[in-house]
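Note sheet for the following structure.
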Amino acid sequence: MEEKLNPQFSGNSEMVEDVQIITSSGLRIPAHSHILVSASPVLESMIERPQKHRSSQRNIPMPGVPCDAVSAFLQFLYSSKCSEEQMEKYGMHLLALSHVYLVPQLKQRCTRGLSGRLTMENVLDVLQLARLCDAPDLYLKCMKFLFCNFKAVEQTEGWKFLQNHDPWLELEILQFIDEAEKRKKRTRRKRVEQNLYLQLSEAMDCLEHICTEGCTGVGPYDMDPSKKKGPCSKFSTCHGLQLLIKHFAACKKRVNGGCLRCKRMWQLLRLHSSICDQPDECRVPLCRQFKLKVQQNRRGDDSRWRLLVKKVVSVKTISSLSLPKRKREEEPRITRMRIYLE
């Protein structure tokens, strides 16, 4: 039984089809040796190796895959094209053939095609094939799919079969999911920390704004706060910080350290002092005093506090660089912070 390739893939009709591709069902597909040699180094080796019984036509067996998959593979060797319908039906077979016969262009095409066609039912088969065919991108895509849909995949027959016949792959999948969960938790925790540092950084800018420019209810001693009307348009935290400053100024408990709100205000003032690079000109209260105290007693500036200061400055710098250029020019405080870091 013999099948002819589509004429559009057969190349020059004057050339002799001197190779026979034999499929697992015994179907013979004639092909041109020069096309196969130029497309695959493995086929080149098979075609050009010495033969015991010389003949004008050579046979190359391609067992283990459907006849139509072999036909699609040969058509790709002739045209470098593979239809979506062929990828849908024979994507896994084509990946195996591209790996065995070293056709990297088809292998990349199959990797992309199979990555977009993963389902609960086929993901384990594709994963096993990706391991055998050395396709790391497809392997990682399958693992991520399993991580996102593990509960559903766990109910399939494929997972039960895997548990009974390939416990090492099962362990590999479970380890990947466990590590992915840990990475997800670390990322979530880091995001929360970054938001906290960004809020502290904004509080520093807001504190400087209140003590230098004044705002709705609180400002420098030489500025009339009555000129400021309406809510602050620069900082969302400005109103709350003004209330905290008013409380700090009038609280009686802070003398004995018994007020949590006052302690928070002390920490904000200390943090500002640790970041400020112009204490002699700064109008934020206690800025210079905190710096002198740190210089006199280095042990008071512990490593945890230095790390907090470093994180706040770093987050502020990164966030300022991510702003549009026009907006950065409108916020000179950010420019000052960048100069301080340099």
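Worth a mention:
- Conditions (1) without any contact (Cβ under 8 Å) to a residue 40 or more places away in the chain; (2) within 17 Å of residue 159 (Cβ to Cβ): number failed by residue 88: (2)
- Filter result for residue 303 (within 21 Å of residue 197 (Cβ to Cβ), open to solvent by 50 Å² or more (accessible area, probe 1.4 Å) and at pLDDT 70 or above): yes
- Conditions (1) assigned to a helix (DSSP H, G or I); (2) at pLDDT 70 or above; (3) among the polar types (S, T, N, Q); number of the one not met by residue 335: (2)
- Note on segment 56-91: among residues that are farther than 15 Å from residue 27 by Cβ and charged (D, E, K, R), the one that is modelled with the lowest pLDDT is 58.
- Tabulated pairs, segment 101-115, first without any contact (Cβ under 8 Å) to a residue 24 or more places away in the chain, second aromatic (Phe, Trp, Tyr), C-beta under 8 angstrom, 6+ apart or interchain: none
- Near pairs, Cβ below 6 angstrom, 6+ apart or cross-chain, from segment 196-218 (within 13 Å of residue 271 (Cβ to Cβ) and in contact (Cβ under 8 Å) with a residue 12 or more places away in the chain) to any residue that is of a type in the set (D, E, K, R) and assigned to a helix (DSSP H, G or I): 197/311; 201/316; 205/333
- Taken together, 126, 100 contain a single residue that is open to solvent by less than 40 Å² (accessible area, probe 1.4 Å), β-branched (Val, Ile, Thr) and out of contact with any Gly (no Cβ under 6 Å at 6 or more places or on another chain), which is 126.
- Unique match (being open to solvent by 10 Å² or more (accessible area, probe 1.4 Å), under 29 Å from residue 161 (Cβ atoms) and not acidic (Asp, Glu)) among 91, 113, 64: 64
- Every pair of residues 6+ apart whose Cβ atoms lie under 6 Å, when the first sits in segment 117-129 and is within 14 Å of residue 91 (Cα to Cα) and assigned to a helix (DSSP H, G or I) while the second is open to solvent by 20 Å² or more (accessible area, probe 1.4 Å) and aliphatic (A, V, I, L, M): 129/92
- Flag for residue 283 being at pLDDT 60 or above and in a loop (DSSP other than H, G, I, E, B): yes
- Residues being surrounded by fewer than 19 Cβ atoms within 10 Å (Cβ to Cβ) and assigned to a loop (DSSP other than H, G, I, E, B) - total across segment 130-142: 1
- Residue check for residue 107: open to solvent by 30 Å² or more (accessible area, probe 1.4 Å) and either in a loop (DSSP other than H, G, I, E, B) or closer than 26 Å to residue 43 by Cβ (or both): yes
- Those residues of segment 143-166 which are open to solvent by 60 Å² or more (accessible area, probe 1.4 Å) and either in a loop (DSSP other than H, G, I, E, B) or under 17 Å from residue 126 (Cα atoms) (or both), in sequence order: 144, 148, 154, 155, 157, 160, 161, 163, 165
The values are calculated or read from the model by the stated rules, or taken from the named source; none is laboratory data. Note that the coordinates shown come from a computational prediction; the quantities given were computed from them, not determined experimentally. Cβ coordinates were reconstructed from backbone atoms using ideal geometry, including for glycine residues, and neighbour counts include every protein chain displayed. SASA here: full protein model, heavy atoms, side chains in, ligands and nucleic acids out. Shrake-Rupley method; radii C 1.70, N 1.55, O 1.52, S 1.80 Å.
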